[in-house]
Structures are given as C-alpha cells and as structure tokens.
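First the structure, in the form of structure tokens, and then the observations on it.
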Amino acid sequence: MRENTQLSFEFKMISGKKVTADFSGGEVTSDAGVLVLREVCSRTGIIDHLAKAISDSRHQSYVRHDLKTLLLQRVLSLACGYEDANDADTLRFDPGFKAACDRLPSGDDLASQPTISRLENALTTRDVYRIAEVLVGRFIASYETRPDAIILDLDDTNDPTHGAQQLSLFNAYHDEYCYQPLFIFEGRSGKLITSILRPGKRPGGKETRAIVKRVVRRIREVWPQVGIILRGDSHFATPELYAWCDAHTVHYVLGLTANSLLKERAQTAVTAARREYAISGEKARVFRQVWYQASTWHRAIRVIIMAEVSAQGDNIRFVVTSLESSPPSFIYETAYCGRGQMENFIKDHKLALKSGRTSCHRFTANCIRLMLHSAAYVILHTLREKALATTEFSAAQFDTIQLRLLKVGAEVRELKTKLHFRMPASFPLPEVFATMYKRVVSVL
C-alpha cells in the first residue's frame, strides 16, 4: 500500500487538542462495497463473457495483467463512480479493488492508467460487435423464464466532444460538437439491452432498421414467440422501420412529426378540446384516430391524435402505431408516454456512471468505453433489482447507491488464513448492507 505522508492538514482545536490529518492510513479502502459488486460480477458472469468475446493480441510472455482482470478492474471502478482511467494510477494500490480483482493487498498491484488506455485503444470494431452481442446475451440470461412480451425503448442523447476526436460532428439541435450514442432498454424493467456510440447526428431510417434488426434477431433466436413492442420518439418514425417491423411481427408505438395534412385532420379534435376547456376551465384532452399513408409508406397506418387545450394554449401530438385494437387514449397516455421512464435509465448511465467520458481520439476506443460503462450499468441494475428490492433503495438512482452503500470505509487486515475488512461501527445502513449481501449470495 502506497502512503502519502507529505500531505498533512491541521484543523481547529477540539477541547484544547490539536486536530491533524494525513494520508498515512495504510491498508484502508474507501470502497468496501466493491466486494459486493465482485459477487454480482461472479454470479452474472458478465466479465467472463466479455473476456471471451475480446481478442487479446498482446504477446503473452510480456503480459502482467490478464484480460479478465483488466476488464474487472475497469468496470468495477466505473460502477463505483471512478470514470477516468487516470484514477487507476492510485486505485491500483487500493486493497478493496485489489481484493475485488482476486488479489491480496500484499500481492501485485493492479494496472495503471497507461495499461488501461492501451487496452481500450487496442480493441477493434470486431471486438465492439462481440461486446454488443454479450450485452444482449446478458439481457436474455437475466430472465429466469421467457417473458410473454418485452418493450424495446429506443432513444439517443448528446455526448459533447472536446478536441480532435474522430467522427465528432456539429449537431445544430444541441448547438455543439458531439457524439450521439443510441441506447436500447427494456421499457418496464430498465434492463440495458445494448448501447451504440454514433457520430453526432441523428440516425436515418436504414441505420435504425439495421440496429433493431440485429437486436430482434438475437432475442428471437432464444425466444421465437416473444411479443416485441418498439417505442421511440418521432425521429425514429421512418418508412424503413415501419416496413421491417410489419414484416417481422414487431409492433411499434412511435412519435410522429406533424405535416399540414395531419394538422388539418386534427382540427376536429382541437375544436372539441377547446369546447371542453371553455366549459370546465380545466385542461382538456381529446383523442382521435385516423388511418394515414404518406407517399413513402408501404401501407396506411393508424395515427393517434392527442389534442390538449389549457391555459398555456393548444398542444397537439401524433403517434403512429401498428396496434390496431387498443383505445387511442391508452395508446398515447400509457403505451407511448410510458417511455418517459427511459430518461431515468439514460440518466443513470450518463450521469451516475459518467458514460460521456469518451475523450479518446479514436472512435473505436470511445465505443469500447461506452460499452464498458454499459457493463457497469448492468452490474448496478442487477444489484438494485435483485439485492435491494423491498428496501428504501429499490428505486434509487445509481449515484445514491454508490454514495450510500458502496462508499464504505474499511480497514483491511491481511491475516495468515483470511482477509478481513473492518467497516466502521458508525456506518448508518448496516441492515441494508446485510440484506444486500445476503440476497446477492442467495438469489443471484
């Protein structure tokens, strides 16, 4: 363990005694909760699958850190909130992270930042594709029994870039140079299915179709009869996607950008909503449906019209869907608006796990980084879903779980027959920590 005795601090006196502090604590970790994440990784097998999917081109006679340990070190540090590879320069000595990577405090140190960065930059586009397959495979494996139906929520977000990064483009909507990663989550559970780093522009119809096609094909290899509903915002509503989904029994509920013809056909709904608002004085919503076929569409498709009138004025929304029997109000308020929860999924991925840390020059290296953050998402989501259910953290954001349950200080004692972590008696959540641990080792 490396100690820093040069940095010392003197604080205000207490009862006539000096108060000092330094970094000479020895075998102490601030992240004892990483041991629980180690158990999650072991039981889900996600790191093992990632290591098998990646081609290790290094000359093995010079290798000090095997691929599995490198991936485990990097993903666990991301899950604990250390998004920068530079953090490895100090965390490599941390006894908690060393134990989580199956090394004793007295054993060899973990990898430093240059080794981590070389790993990320050495991988290829073939490795990216294989890692994506692992993520989808881990999503499928997370179900004990085949679900009757799943919802594929599709959305993208901006990832600002800085400097000369490959495929960084200016996005007029976000008014900045950025990447625009695309995420697919299961809409009800929040399980991550895949993440794809993209240049800083919205995907076209052919690109979206290709992505959805690969994901659905992989899912139906295992679950041929599972029902699939695709949800997304209006920029995913394209003729190519409609035609492919109809041909492969994939239902869709997508926002639709209005044109002059649709606005004209919505006027009866707007008039009815204005009448209701004038009578009640409260916000009024009226739903209508029409069958509409643009010149580029392969058939006429059901379009739901939502006309809302309130003190703020008129609000008109359109949703295109292949669901033909559900009431228009259900399609809009439940089926379509239910996708709003995806903003929280992306928030966990982007803010709590800092997945916008795509600062490498090479685009492929940044793809790898995003997917390693996705692996960290899978680990924390599994922990929350399986180990924290019924606790006060069952719906907590990832950064709350990190701060309250993973950031636990502990003195580490390496004895002859065991490695003992002495956590503080003043830790405020010992019962929750105990519940979390018991469920990890018994449920997963």
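Below are the figures for this structure:
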| item | result |
| --- | --- |
| Taking the chain and dividing mean pair separation by its residue count, relative contact order in percent (alpha carbons under 8 Å, at least six apart) | 19 |
| Magnitude of the charge dipole, the chain, Cβ model with Lys/Arg +1 and Asp/Glu -1, debye to 20 | 620 |
| Relative contact order (%) - segment 260-331, alpha-carbon pairs under 8 angstrom, separation at least six | 28 |
| FRET efficiency, Leu167 to Gln397 (Cβ-Cβ, R0 30 Å, nearest 0.05) | 0.50 |
| Extension gain, Ser8 back to Lys347 (0.36 nm per residue minus Cα-Cα distance, nm) | 118.3 nm |
| Anisotropy class of segment 337-442 from Cα gyration tensor, a/c 1.5 cut | oblate |
| Distant alpha-carbon pairs in segment 275-324 (separation over 17 angstrom), percent | 46 |
| At most 16 other Cβ within 10 Å, DSSP loop - chymotrypsin sites (Phe, Trp or Tyr not before Pro), segment 205-311 | Trp297 |
| Extension gain from Asn86 to Ser295, taking 0.36 nm per residue of separation minus the Cα-Cα distance | 69.9 nm |
| Normalised contact order of segment 168-218, rounded percent, pairs of Cα under 8 Å and 6 or more residues apart | 31 |
| Rg to Rh quotient for the chain, alpha carbon positions, Kirkwood Rh | 1.04 |
| Separation of alpha-carbon centers, segment 364-393 and segment 128-143, rounded to whole Å | 13 |
| Normalised per residue, the volume of the convex hull around the Cα set of segment 181-331 (Å³) | 142 |
| In nm, spacing of pseudo-spin labels at Ala243 and Leu444 (7 Å Cα→C-beta vector) | 4.5 |
| Spread of Cα-to-Cα distances over 10 Å intervals beginning at zero, given as percent, for segment 164-226 | 19, 40, 29, 10, 2 |
| Estimated 222 nm signal from helices in the chain, with DSSP H stretches of n ≥ 4 weighted -39500 (n - 2.57), rounded to 500 | -11000 deg cm²/dmol |
| Share of alpha-carbon pairs per 10 Å distance bin for segment 18-72, given as whole % | 18, 33, 25, 17, 6, 2 |
| Helix 125-141 axis, angle to the chain major axis (alpha carbon atoms, nearest 10°) | 80 |
| Using alpha-carbon coordinates, inclination of helix 267-280 to the longest axis of the chain, degrees | 80 |
| FRET efficiency estimate (nearest 0.05) - Cβ-Cβ, Thr268 to Asn315, R0 22 angstrom | 0.85 |
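Bear in mind that the values in this text are calculations on the coordinates, not laboratory data. This is a predicted model, so every value here is computed, not measured. Backbone-built Cβ (ideal geometry, glycine too); neighbour counts: all protein chains shown.
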